Amino acid sequence: MKYDCVVVGSGPAGSITARFAAKTGAKVLIIERRQEVGVPVLCGEGISKKIDEWNMLESRRWIAGDMEGARIYSPDRTCVTLSAEQAGNETGYVVYRDIFDQELARLAARDGAKIMMNTQATDLLKDKDKIKGVKVKHFDEEFEIEADIVVGADGVESKIGKWAGINTTLKPKDLETCAQYTLTNIDCKDAYCDFYLGKQIAPGGYVWVFPKGKDVANVGIGILASLSESGMAKKLLDNFIANEPRLQKGEPIRFLAGAVPVTNPVETTVQDNLLLVGDAARHVDPITGGGLTHCLEGGKIAGETIGMAVEKQQFDQETLSVYETGWKEAFAKKIKRNYMVKEILLDMDDKTLNMLADSLKDVKFDEISTLGLIKALVLKHPTLLMRLRPLMKVSKEV
Amino acid sequence: MGMPKAMVDRKKCLSCGGCISVCPQDALSMEGMKALVEDDKCISCAICIRICPVGAISGEVYS
Ligand SMILES: Cc1cc2nc3c(=O)[nH]c(=O)nc-3n(C[C@H](O)[C@H](O)[C@H](O)COP(=O)(O)OP(=O)(O)OC[C@H]3O[C@@H](n4cnc5c(N)ncnc54)[C@H](O)[C@@H]3O)c2cc1C
Ligand code: SF4
Ligand code: SF4
């Protein structure tokens with residue numbers, strides 16, 4: 001059977017894309033190499049409450065914790081507290097990603113998408129240069145799936161883009177390499193997501209503690225891959241936990257490794273008969289490492305674009321570029337700006353971070369806008385002006 | 001030539017995909033939910049070894 005669209009990957013980006021495409025009546029198949037959607041979980045599981053406004057999920061079973069705000073600790077443990085509205089972006093709910101992903105897949109199926117598990121894409125199916133579907137392996141069986149559109153929703157390690165000639169290889173300085181325990185038997189004193197910065201704690205990244213209940217939390221670390229050595233992320237995380245009184249007694253109920261692209265988005269995410277979404281398109285905030293909201297926002301645009309293309313029976317790059325224009329309008333500027341912020345933050349030593357935290361700890365922000373933040377900082381530290389100037393220019397536009 | 005190729009310890013690998021995303025030769029891929037090196041393509045640059053968060057790829061070890 002030939003499909004209008006085959007989606008490779010049943011993560012949030014894949015399921016949302018499939019759902020909005022299927023809604024228009026398109027024949028959509030999701031293929032997933034795992035044997036259970038969303039498992040193993042590879043995520044810190046924090047998500048913005050923005051998603052409530054989007055109405056893309058129906059049940060609330062995927063919510064583990066409702067956050068009141070976030071705290072950022074500088075290397076000398078100066079604490080900057082952000083309320084929920086301020087922290088806005090990534091800390092609103094802490095979720096169960098397995099249930100979250102399964103709920104999105106369920107809704108895709110309800111709207112007409114087919115799902116094939118234990119099925120790994122091994123290459124693109126091509127006729128000369130034209131993409132005609134994917135080659136797959138289902139246990140020991142190998143076969144071809146024909147489709148007018150192939151969607152690469154295959155996450156950080158994405159191969160679909162590479163097979164189509166799009167260079168998605170990450171530089172080590174644009175990847176956070178991660179490890180995370182879900183620890184139980186700890187005291188989550190309140191519903192705050194905590195972030196710990198410092199060269200000794202997490203070079204080029206941070207340690208996070210995201211509560212999923214009174215006595216259980218995701219405790220994870222991301223370090224910049226260019227500063228990493230073999231096994232370093234896990235070792236630094238173990239050190240952090242051993243030295244943190246409220247976590248010392250914790251017992252792990254889950255351990256995971258992870259990888260987060262912290263780069264600029266892929267410039268060209270559409271080709272004739274092909275589209276990249278989610279982590280595969282590098283739609284991740286380079287400061288926080290959060291990608292879930294972009295998966296939903298971008299995936300919806302992708303799905304609607306596919307619906308339109310199927311309606312017209314036109315699958316060329318120009319027709320599909322409606323998706324690219326859409327996601328660029330929705331969040332490209334923000335990602336690019338935050339990529340600059342990432343580069344500036346990386347240049348700062350622990351002393352500067354402490355100084356920044358000290359100046360911000362009592363500031364009451366109406367809203368954490370980058371521009372507002374920079375203004376507050378420059379007032380206190382005029383010497384920072386030079387370093388932050390490029391940022392002020394883009395922040396005015398975002 | 002002569003340099004050791006990267007080798008994944010399948011027992012330790014937690015299939016995060018990080019190594020695959022940074023390999024400059026596209027020598028890594030996921031096979032049966034574990035990372036696998038294609039020896040012919042690997043140029044022994046050791047990038048994947050350094051970035052593995054759990055030290056599942058052989059080579060020098062951080063201590
Ligand atoms: C440690 C860690 C912490 C994070 N914390 C947060 C957070 O707190 N908040 C947040 O918003 N984001 C967070 N992220 C990022 C977030 O997890 C990703 O942005 C999100 O999962 C991307 O979704 P996706 O659908 O693009 O890809 P994925 O969720 O990675 O899904 C890709 C799917 O494709 C499948 N697949 C891949 N290749 C193939 C193939 N060849 N054939 C068939 N199937 C294939 C995979 O098995 C997988 O199911 C974190 C990431 C990590 C690693
Ligand atoms: S980086 Fe390490 S844990 Fe992650 S997939 Fe590669 S070998 Fe496995
Ligand atoms: S050593 Fe270099 S070329 Fe070889 S698999 Fe690792 S990253 Fe790829």
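The values are calculated or read from the model by the stated rules, or taken from the named source; none is laboratory data. In this text the structure is predicted, and so the values were computed from the model without any measurement. All Cβ positions, even for glycine, are placed from backbone atoms using ideal geometry, and neighbour counts span all protein chains on display. Each accessible area value is taken on the protein alone, full model and side chains, heavy atoms only, with ligands, DNA and RNA left out. Shrake-Rupley method; radii C 1.70, N 1.55, O 1.52, S 1.80 Å.
The calculated FRET efficiency for the pair A:Lys189 and A:Thr169, based on their C-beta separation and a Förster distance of 51 Å, comes to about 0.75. If you take all other residues with their beta carbon under 13 Å from the beta carbon of A:Glu176, and give Lys and Arg +1 and Asp and Glu -1, the sum is +1. Projecting the Cα positions of A:Phe210, A:Gly25, A:Leu274 onto the charge dipole of the protein assembly as shown (unit charges on Cβ atoms of Lys, Arg, Asp and Glu, taken about the Cα centre) puts A:Phe210 furthest along the positive direction. Remark: mean inter-chain Cβ contacts per residue of B:44-51 equal 5, using a 10 Å Cβ-Cβ cutoff to other protein chain atoms. Looking at the stretch A:70-158, which chymotrypsin sites (Phe, Trp or Tyr not before Pro) are in a loop (DSSP not H, G, I, E or B) and have at most 13 other Cβ atoms within 10 Å? Counting only loop positions with at most 13 other Cβ atoms within 10 Å, the chymotrypsin sites (Phe, Trp or Tyr not before Pro) in the stretch A:70-158 are A:Phe139.
Against the main long axis of the alpha-carbon atoms of chain A, helix A:333-347 sits at an angle near 40°. For A:Asp279, the accessible area of its heavy atoms, probed at 1.4 Å with every protein chain present, is near 40 square angstrom.
For the pair A:Arg60 and A:Asp362 in one chain, pulling the backbone fully straight at 0.36 nm per residue adds 105.2 nm over the alpha carbon distance.
Taking every alpha-carbon pair under 8 Å whose residues sit at least 6 apart, the stretch A:118-231 reaches a relative contact order of 19 percent. When +1 charges are put on Lys and Arg Cβ atoms and -1 charges on Asp and Glu Cβ atoms, the dipole computed for the protein assembly as shown relative to its Cα centre reaches about 660 debye. With R₀ set to 60 Å, the beta-carbon distance separating A:Lys249 from A:Lys135 gives a calculated FRET efficiency near 0.75.
Chain B contacts chain A over a buried accessible area of about 2400 Å², both sides summed; the probe is 1.4 Å and only protein chains count. Find the relative contact order for the stretch B:7-58 and round it to a whole percent, using C-alpha pairs within less than 8 Å whose residues are 6+ positions apart. Rounded, it is 44 percent for the stretch B:7-58.
Per-residue surface analysis assigns B:Asp39 an accessible area of about 80 Å², computed on protein heavy atoms at 1.4 Å probe radius. Any idea which of A:Thr263, A:Met1, A:Thr319 is furthest toward the positive side of the dipole for the protein assembly as shown, if Lys and Arg beta-carbons carry +1 and Asp and Glu beta-carbons -1? Checked the options; the winner is A:Thr263. Above 12 angstrom, tally the Cα pairs of the stretch B:7-58 and express them as a % of all pairs, no decimals. The share of Cα pairs beyond 12 Å in the stretch B:7-58 comes to 56 percent.
Taking trypsin sites (Lys or Arg not before Pro) across the stretch A:32-82, the ones in a DSSP loop with at most 12 further Cβ atoms lying within 10 angstrom of their Cβ are A:Arg60, A:Arg77.
Secondary-structure-derived ellipticity at 222 nm for the protein assembly as shown, considering helices only, amounts to -9500 deg cm²/dmol, per-run term -39500 (n - 2.57) for DSSP H runs with n ≥ 4. Using heavy atoms of the protein chains and a probe of 1.4 Å, the accessible area assigned to A:Lys333 is about 120 Å².
Between A:Tyr196, A:Cys178, B:Met33, the Cα set farthest toward the positive side of the dipole of the protein assembly as shown (charges on each charged residue's Cβ, about the Cα centre) is that of A:Tyr196.
With the convex hull drawn over the C-alpha atoms of the protein assembly as shown, the volume per residue is 146 Å³.
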